[in-house]
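The structure appears right after this line, and notes come after that.
The values are calculated or read from the model by the stated rules, or taken from the named source; none is laboratory data. As the structure is a computational prediction, the values presented were derived from the model and not from experiment. Methodologically, a virtual Cβ is constructed for each residue, glycine included, from the backbone with ideal geometry; neighbour enumeration extends over all protein chains shown.
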């Protein structure tokens with residue numbers, strides 16, 4: 001039994017063009033201590049999926065499906081019950097630590113907040129726990145930094161503070177949405193190391209959302225590729241990157257310029273642009289950009305089919321694709 | 001015979017911060033601390049580095065959007081600081097810029113035609129009626145063709161385009177005067193991966209078709225590797241290593257360059273093991289408000305010795321066309 | 001965050017519902033429009049026709065309660081209150097329009113200049129404006145009256161001077177934010193000078209700020225005109241004015257309180273209408289600007 005399992009999740013968002021499907025039937029599972037990477041470009045639904053897990057969807061959104069965390073369906077919970085799950089059992093870290101931290105409060109106070117709410121810690125106890133957490137996330141000189149304001153810290157340090165806040169209640173699942181996108185490469189390495197280490201030590205599950213295939217590759221054991229609100233390919237990270245089955249995954253992989261691999265010709269590109277959610281074609285969302293597309297692709301959307309050990313892809317043309 | 005398109009000589013830029021206390025002197029940011037670079041016609045130079053390395057300041061100085069504290073910038077052999085305002089305006093046709101943010105760099109209230117034609121208009125404000133107007137329209141049309149957009153897009157507004165298309169508009173704007181030099185500051189970092197590749201290919205094609213010279217500023221080593229002939233690695237306002245692309249990526253000499261390469265997450269390398277983690281560069285870039293006597297990288301460098309703290313290493317020749325500033329290179 | 005970003009781009013690309021459509025669905029904006037429209041209609045109508053002459057004194061019919069002949073009743077000189085309210089709307093609109101235009105044009109120019117120049121130019125302008133803001137409108141009006149005697153021109157001038165600093169501040173703040181944008185840098189790289197950038201890039205992008213501020217200042221001007229006339233330093237008899245109607249009704253407040261209600265209601269409703277429009281415009285214009293980031 002997986003720790004977290006998401007089954008056929010659908011999310012519709014309210015826009016001024018009416019309800020628009022943002023997530024269209026996404027299923028995945030994360031074991032305790034397991035790591036899942038979610039890759040995709042903007043508008044593929046990866047962040048909406050994360051917000052659905054947190055119960056933080058924007059006003060007017062409609063959700064269907066099942067999000068099962070240790071036997072409870074999160075979608076059936078009231079807002080009050082969800083508040084207890086949020087931060088306590090599932091914690092989230094965001095891309096931009098500066099906007100996620102309140103600029104007018106000292107960081108010590110911000111980390112102590114969830115400790116007070118969920119663990120009932122107060123005063124000196126809370127402060128000791130904050131110091132322990134700051135030390136745990138590798139913030140240099142925690143005793144001094146605990147009284148700093150967010151603007152007095154660097155981007156990497158702020159992200160460490162965010163991680164400390166996320167860890168404060170020892171969550172079962174850590175959701176990281178582009179946690180290193182705003183950081184410099186060398187700092188990104190440090191933060192990824194920290195996340196890897198915490199997952200190994202604490203046994204919590206990790207869902208890492210990123211557009212960067214390298215970040216996913218170095219941090220996760222399993223990976224899911226999303227496009228147009230659906231999951232197009234899913235499998236163990238190593239074997240998936242070795243045998244990309246879906247034309248979109250192949251295209252995405254080939255489009256990244258990589259250090260030390262000189263391409264003689266132009267970079268591989270995927271024609272067209274990332275589609276608007278409201279304009280998604282009815283069948284396979286990738287059909288209009290896909291080189292392999294044929295008539296069948298405009299019909300019903302393809303289902304997930306096995307292409308290797310625990311490796312699935314959703315494409316009508318898998319035969320010739322591998 | 002190659003011709004030097006851009007040449008910077010001992011470029012320095014310091015900013016004074018607003019005074020924080022009545023009793024302390026205002027702090028100074030040392031953004032650039034002596035940068036000498038040059039680019040030959042038709043070549044492209046990549047400038048890599050992390051935030052605070054001064055790469056964007058360098059771009060602005062090269063575009064004469066800012067004035068250096070010391071040193072000067074030469075474009076096609078002309079010292080920009082010696083030009084009058086009028087001469088500078090005319091000279092701008094020779095060097096153009098592409099910005100990072102395709103949303104912020106286009107005025108939302110202007111049509112594409114007006115955005116692309118802005119430089120032409122600034123060059124000759126009165127042109128635009130009579131016969132000469134036709135040629136301006138044609139120049140705009142050609143630029144829009146060159147970046148792969150349609151001419152009937154010219155009357156649209158920026159918000160009608162996607163991020164990648166907007167960046168094409170920005171490139172068309174830079175291209176319309178047929179400049180010798182285009183300075184591109186993180187031109188693809190705001191774009192999705194699949195679209196990023198389209199824009200990078202376009203930049204390559206334009207270089208072949210129009211013979212433009214690029215200065216490409218990026219934090220992404222992959223992008224620089226793909227587009228550039230030469231690469232300059234910057235750290236805290238200094239060039240720490242400068243070499244041909246192949247040389248640099250095959251044999252990085254400066255410890256910072258090595259750390260930068262190692263830090264790039266690689267696909268298919270598997271999850272980072274304990275050993276990988278041990279090699280991660282620790283610490284963060286030290287404050288730009290301090291004047292550093294020794295090597296700027298010494299406080300994070302795994303090889304640093306006492307000499308590195310006292311004595312600043314010169315940028316010196318390591319190999320043919322390969323320079324680095326490290327005592328141990 | 002991603003979620004909102006996705007949603008916004010979707011909206012953005014959508015053949016966005018036009019301004020008119022969204023305005024029609026904005027309830028308080030429409031209420032404001034109806035109220036303000038009524039006021040403007042009354043003022044325009046009074047130029048051509050009023051039920052009675054607003055200045056005609058009929059002593060026999062003084063202090064009449066509302067009737068079929070005099071819908072709103074008559075005042076202590078037997079003048080028809082409805083006609084006076086209609087004609088008074090003219091005064092309010094003229095004062096508001098001139099005072100706000102003066103403030104908007106001069107103030108915006110100063111604000112744009114300050115934003116473009118920064119440095120000491122800006123400091124001097126802003127300190128002057130601080131000084132100006134330290135004097136309430138009423139005080140400025142009384143000072144002007146002391147110099148040139150009471151009159152509507154002085155009221156307009158006093159309001160205009162006050163509005164100049166108000167607009168200068170708002171426009172400067174919005175302008176500075178605009179100068180930080182990358183497209184301004186791009187215009188500099190194209191060789192555009194400060195004046196050209198201000199006219200072509202800064203002004204069009206902050207015009208919404210000016211429009212919203214103008215609507216709200218209009219309301220403030222109507223209120224201030226009423227206050228000044230009430231104090232006797234605004235419009236002079238026999239020009240009809242809501243503020244003076246209020247002040248004249250004071251003597252009969254116990255015998256015929258209804259006389260005070262009409263001008264009071266006119267002031268409240270027109271100010272409310274303009275404020276609703278201002279708020280509505282802010283909603284209708286600003287989110288779209290934010291989305292076009």
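A few comments on the model shown:
- The set of residues in the range A:83-100 being away from chain C (no Cβ under 14 Å) and either buried (at least 17 other Cβ atoms within 10 Å of the Cβ) or in contact with a helix residue (DSSP H, G or I) (Cβ under 7 Å, 6 or more places away or on another chain) (or both) consists of A:85, A:86, A:87, A:88, A:89, A:90, A:91.
- Test: residue in the range C:115-135 that is assigned to a helix (DSSP H, G or I), crowded, with 22+ Cβ neighbours inside 10 Å and either in contact with a helix residue (DSSP H, G or I) (Cβ under 7 Å, 6 or more places away or on another chain) or free of Cβ contacts under 8 Å to residues at least 24 places away in the same chain (or both): yes
- Highlighted here are the helices (runs of 4 or more DSSP H) found entirely within the range C:176-293 that include at least 3 residues which are closer than 20 Å to residue C:109 by Cα: C:194-197, C:203-231.
- Residue check, residue A:163 touching a residue at least 40 places away in the same chain (Cβ under 8 Å), crowded, with 23+ Cβ neighbours inside 10 Å and more than 30 Å from residue B:255 (Cα to Cα): no
- Screening the range A:123-137 for residues that are out of contact with any helix residue (DSSP H, G or I) (no Cβ under 6 Å at 6 or more places or on another chain) and closer than 25 Å to residue A:86 by Cβ and picking the one that is surrounded by the fewest Cβ atoms within 10 Å (Cβ to Cβ) gives A:123.
- Selected residue [at pLDDT 90 or above, under 16 Å from the mean Cα position of the chain (by Cα) and surrounded by 24 or more Cβ atoms within 10 Å (Cβ to Cβ)] from A:210, A:230: A:210
- Within the range C:174-194, restricting attention to residues that are without any contact (Cβ under 8 Å) to a residue 12 or more places away in the chain and more than 7 Å from chain B (Cβ to nearest Cβ), the residue that is surrounded by the fewest Cβ atoms within 10 Å (Cβ to Cβ) is C:180.
- Checking each residue in the range B:23-48 for being closer than 20 Å to residue B:9 by Cα and not in a strand (DSSP E or B) picks out B:41, B:43.
- All of (1) away from every other protein chain (no Cβ under 14 Å); (2) at pLDDT 85 or above hold for residue A:289 with one exception: (1).
Matching residues to (1) in the same structural domain as residue A:272 (by TED's automatic domain parsing); (2) free of Cβ contacts under 8 Å to residues at least 12 places away in the same chain; (3) touching a helix residue (DSSP H, G or I) at 6+ places or on another chain (Cβ under 7 Å); (4) within 30 Å of residue A:288 (Cβ to Cβ):
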{"site": "A:147", "(1), (2), (3), (4)": "no, no, yes, no"}
{"site": "A:158", "(1), (2), (3), (4)": "no, no, yes, no"}
{"site": "A:179", "(1), (2), (3), (4)": "yes, no, yes, no"}
{"site": "A:206", "(1), (2), (3), (4)": "yes, no, yes, no"}
{"site": "A:227", "(1), (2), (3), (4)": "yes, no, yes, yes"}
{"site": "A:233", "(1), (2), (3), (4)": "yes, no, yes, yes"}
{"site": "A:244", "(1), (2), (3), (4)": "yes, yes, yes, yes"}
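- Exactly one residue among B:77, B:71, B:128 is over 21 Å from residue B:200 (Cα atoms) and modelled with pLDDT under 90, and that residue is B:128.
- In the set (1) more than 14 Å from chain A (Cβ to nearest Cβ); (2) more than 17 Å from the chain's Cα centre (by Cα); (3) loosely packed, with under 15 Cβ neighbours inside 10 Å; (4) over 22 Å from residue B:315 (Cα atoms), residue B:20 fails one condition alone, (1).
- Checked against (1) away from chain C (no Cβ under 11 Å); (2) surrounded by fewer than 16 Cβ atoms within 10 Å (Cβ to Cβ); (3) at negative phi; (4) at pLDDT below 90, residue A:33 passes all but a single condition, namely (3).
- Within the range C:1-114, helices (runs of 4 or more DSSP H) holding 3 or more residues that are away from chain A (no Cβ under 14 Å) and either in contact with a helix residue (DSSP H, G or I) (Cβ under 6 Å, 6 or more places away or on another chain) or at pLDDT 90 or above (or both): C:27-48
- Close pairs (6 angstrom Cβ cut-off, 6 or more residues apart or separate chains): under 20 Å from residue A:29 (Cβ atoms) in the range A:69-91, in a strand (DSSP E or B) anywhere: A:69/A:4; A:73/A:66; A:74/A:67; A:75/A:63; A:75/A:67; A:90/A:173; A:91/A:174
- Any hit, the range A:168-180, residues being part of a helix (DSSP H, G or I) and within 14 Å of chain B (Cβ to nearest Cβ): no
- Evaluating residue A:27 against the criteria (1) within 14 Å of another protein chain (Cβ to nearest Cβ); (2) surrounded by fewer than 17 Cβ atoms within 10 Å (Cβ to Cβ) leaves one unmet condition, (1).
- Output for the range A:50-74, where each listed residue is buried (at least 17 other Cβ atoms within 10 Å of the Cβ), under 22 Å from residue A:204 (Cβ atoms) and more than 10 Å from chain C (Cβ to nearest Cβ): A:53, A:54, A:55, A:67, A:68, A:69, A:74
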